[in-house]
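Right, one structure below, let's go through it.
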Amino acid sequence: GSGGRAKCWPADSFAELARRMRPQCQPVFVLGPTEYERMGSAVIDGLLDEFAVVQPASLDHLLYDISSTDVYVGNDSGPTHLAAAMGVPTIALFGPTNPAIWGPRGARVSIIRGDVGRGPEWGISPEQVAAAIVLLKRA
């Protein structure tokens, strides 16, 4: 998620990415109150049927959840910046905002910038993100 709807890659694209990454990894979705509000129960129920979903009860729990991952994939959001700051291999997906200004920093950060004019997915495919995950895990 993100504080701004326009900064969010679609949930179904994240789900497709997670499907593509199995069985090489165990995808876990970290959802906060904003995602529950925006995505609706049908989307959430679909994720719960297929994947592990956590809803951290506090910032400490969020930090623990992020720190225990092999690779974090997220939108232009606070948790993505936290993952990068903690040194977790991070893939940050950017649409309408400029990653040169707002992107997370770090040696283990990969930014994928899309084109807002190409629809809600910004022209970023799950296959493209999956390939970036493989490269980042090798580094």
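The values are calculated or read from the model by the stated rules, or taken from the named source; none is laboratory data. Quick caveat: nothing in here was measured; it's all calculated off a predicted structure. Positions of Cβ are generated from backbone atoms using ideal geometry, with glycine treated the same way; all protein chains shown enter the neighbour counts. Remember, those area values only see protein heavy atoms, side chains included, never the ligands or the DNA or RNA. Shrake-Rupley method; radii C 1.70, N 1.55, O 1.52, S 1.80 Å.
Per residue, the accessible area of region 48-139 comes to 54 Å² when a 1.4 Å probe rolls over the protein heavy atoms. Among (i) 12.6; (ii) 7.8; (iii) 9.3, only one was calculated for this model; which label is it, if the read-out is mean projected area of the Cα convex hull in nm²? Correct label, based on the coordinates given: (ii).
Computed over neighbours whose Cβ is under 14 Å from that of Leu47, the net charge equals -3, Lys and Arg +1, Asp and Glu -1.
Restricting to Cα pairs below 8 Å that are 6+ residues apart, what does the relative contact order work out to for the chain? Please round to a whole percent. Relative contact order for the chain comes out at 25 percent.
What percentage of the solvent-accessible surface of the chain, computed with a 1.4 Å probe over protein heavy atoms, is contributed by carbon and sulfur atoms?
Numbers: 4150 of 7550 Å².
Summing carbon and sulfur atoms, their accessible area is 55 percent of the total for the chain.
Close amide-amide hydrogen proximity is noted between Val53 and Phe29, each under 5 Å apart and 5 or more residues distant or on a separate chain (H modeled in the peptide plane; Pro and chain starts excluded).
Applying the Karplus relation 6.51 cos²θ - 1.76 cosθ + 1.60 with θ = phi - 60° to region 115-129 yields 3J(HN,Hα) values of 10, 4, x, 9, x, x, 8, 6, x, 9, 9, x, 5, 5, 5 Hz, where x marks Gly and Pro. Starting from the amide H of Asn75, placed 1.01 Å from N in the peptide plane, find each other amide H under 5 Å away whose residue is 5 or more places distant or on another chain. Here the answer is Leu93, since their amide H atoms fall under 5 Å of that of Asn75. The string of couplings for region 77-84 from the Karplus curve (6.51, -1.76, 1.60, θ = phi - 60°) is 8, x, x, 5, 5, 5, 4, 4 Hz, one whole number per residue in order, with x for Gly and Pro.
Quick check on region 1-44: take the gyration tensor over C-alpha atoms, sort the square-rooted eigenvalues as a ≥ b ≥ c, and tell me if it's rounded (a/c under 1.5), prolate or oblate. Numbers along the way, then the final one.
Working: a/c = 2.19, a/b = 1.85, b/c = 1.19.
It comes out prolate by the Cα gyration axes.
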